[in-house]
1. Which value in nm describes the separation of the simple spin-label points at Tyr257 and Ala290, placed 7 Å from the Cα toward the beta carbon?
2. Which trypsin sites (Lys or Arg not before Pro) in the range 84-178 pass both tests, a DSSP loop state and at most 14 other beta-carbon atoms within 10 Å?
3. What list of ³J(HN,Hα) values in whole Hz, one per residue of the range 370-383 in order, does the Karplus curve 6.51 cos²θ - 1.76 cosθ + 1.60 (θ = phi - 60°) give from phi, with Gly and Pro shown as x?
4. Could you tell me which of the pairs Lys159/Lys218; Lys145/Lys315; Lys152/Lys315; Lys141/Lys315 are separated by over 28 angstrom between their Cα atoms in the structure shown?
5. How do Thr428, Thr346, Thr233 line up, fewest other C-beta atoms within 10 Å first?
6. For a label point 7 Å from the Cα of Asn220 along Cα→C-beta, name the residues of the range 346-382 whose backbone N is under 20 Å from it.
7. How much length is gained on full extension from Glu20 to Asp386, taking 0.36 nm per residue of separation minus their Cα-Cα distance?
8. Could you order the peptides 331-339, 295-303 from most to least packed, using the average number of other C-beta atoms within 10 Å per residue?
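Values in this text are rule-based calculations from the coordinates and carry no lab data. Predicted model only: the values in this text are computed from it and were never measured. Positions of Cβ are generated from backbone atoms using ideal geometry, with glycine treated the same way; all protein chains shown enter the neighbour counts.
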Amino acid sequence: MSAPSQSGGAPITDSRQLVEYFENACKPPSRWRVGTEHEKFVFDRDTLRPLPFDGDQSISSFLDKLTRFGWQPMHEDGRVVALEMGACHITLEPGGQLELAGAPLDTIHEACDEVHTHLAQVKAVADEMNAGLIGLGFQPKWPRKDCPWMPKPRYDIMKAYMPKVGNLGIDMMLRTSTVQVNIDYGSEADMIDKFRVGLALQPVATALFANSPFTEGKPNGFVSYRSQIWTDTDPDRSGMLDWVFDDDMGFERYVDYALDVPMYFVYRDGRYIDASGQSFRDFLAGKLPALPGEQPLLSDWDDHLTTLFPEVRLKRFMEMRGADGGPWRRLCALPALWAGLCYDSTALDAAWQLCRDFTAEERNYLRARAPIQGLATPFRGGTLQDIARETVAIARGGLQRRARLDGADRDETQYLDQLTEIAETGVTPAETLLSLYNGRWNRSVDPVFSEFAY
């Protein structure tokens with residue numbers, strides 16, 4: 001989730017300002033950057049339970065100890081609920097999942113160094129606290145009732161609203177963990193191309209990174225239960241957005257979509273005002289029931305956009321949202337995959353040729369089946385594995401042509417090696433976990449907390 005809200009910016013009096021919000025974010029390729037956001041579960045090594053917010057061995061203590069590395073605390077209602085350092089933030093998901101929202105960086109080498117530094121810092125603190133951290137798509141052991149709630153007012157609003165619109169929204173909040181990548185766009189046309197490729201190939205990423213096969217200590221029948229949860233969270237704000245492939249797709253069409261997604265809140269004078277289910281269109285007209293007569297600010301639009309959860313999300317950059325949380329190597333692989341596909345024109349064209357004739361029915365079929373069958377999902381006489389092989393190969397070519405070298409003169413393709421192996425074998429990370437569960441782990445999920453901890 002985002003860092004604490006900050007009210008401000010110009011008043012919005014016309015929807016044209018909302019279109020300009022996106023237009024003004026266009027950047028030339030020389031300024032395109034990659035941002036990585038990744039979440040992980042924090043647990044007590046003795047009990048394997050999630051850490052509570054308060055207490056000696058707690059999330060609040062964890063945040064306090066991280067300040068020794070130069071992180072500055074961010075407060076809500078007098079509590080430290082996030083940290084910042086330059087363009088980076090450490091934030092809390094509702095169930096205490098710790099997230100690094102990384103800086104926009106020029107190369108995957110830099111993004112991977114950022115991940116490495118962050119994990120070294122949080123592991124040092126965790127070791128002092130007899131705690132552990134693990135990257136999985138879904139909490140493998142504990143039920144909802146055993147997961148703590150972080151004391152953030154926006155989460156209180158969401159907690160009350162979620163059961164009204166879906167059955168699994170609370171699970172999404174408390175028990176899921178993801179890694180996502182933020183990429184830039186150069187123009188409206190470039191945004192459209194990346195959006196379409198991102199949506200059509202997001203099931204490939206879901207399968208390659210599938211890493212959530214357990215619920216409450218047992219196999220749940222999915223390779224990515226995190227991805228499945230989004231299908232029953234809130235249909236108004238999630239999904240595959242079939243209209244992105246229509247001829248009239250553009251910034252204005254996305255604005256129209258966002259205006260019709262029900263709101264969660266408005267942030268004013270240091271407090272969150274419950275506007276759940278209300279309309280940003282009414283807000284624009286000065287008719288929001290929660291704040292009658294007031295006009296929205298640009299910060300309100302920014303906040304609202306963070307409450308939309310499609311498979312690809314447009315803000316002042318684009319977010320690729322289909323992957324489960326995972327171990328260190330795969331945290332570097334996701335930005336490599338999407339930079340390879342989207343930051344080289346030849347690769348982006350090839351990726352579009354790969355998926356351009358997918359019908360809406362096929363895209364939604366892949367979205368529905370990939371969380372269950374992973375790379376084995378049947379598709380057009382073959383399987384999703386066939387599409388994954390081509391996708392990773394296209395990304396590899398894109399990174400080769402980018403030719404961004406590290407200090408040892410290696411390009412960024414090194415970060416795709418694990419994805420190449422997964423695509424070639426067809427064995428998802430979840431299936432590796434299931435093999436261990438049914439074999440050496442003797443049908444227990446407890447070993448995952450030691451063998452796959454950071």
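1. Each label point lies 7 Å from its Cα, and together they span 2.2 nm.
2. Values: sites: Lys123, Lys141, Arg144, Lys145, Arg154, Lys159, Lys164, Arg175; in loops: Lys141.
When the trypsin sites (Lys or Arg not before Pro) of the range 84-178 are filtered for loop state and at most 14 Cβ neighbours within 10 Å, nothing remains.
3. Those phi angles translate into 4, x, 9, 9, x, 6, 7, 4, x, 7, 6, x, x, 9 Hz.
4. Lys145/Lys315; Lys141/Lys315
5. Details: Thr428 27, Thr346 11, Thr233 22.
The order, fewest Cβ neighbours first, is Thr346, Thr233, Thr428.
6. Of the residues in the range 346-382, 366-377 have backbone N under 20 Å from the label point off Asn220.
7. On the way: separation 366, 0.36 × 366 = 131.76 nm, distance 3.98 nm.
Extra length available between Glu20 and Asp386 comes to 127.8 nm.
8. Numbers: 331-339: 28.1, 295-303: 19.8.
Most protected by this proxy first, the peptides run 331-339, 295-303.
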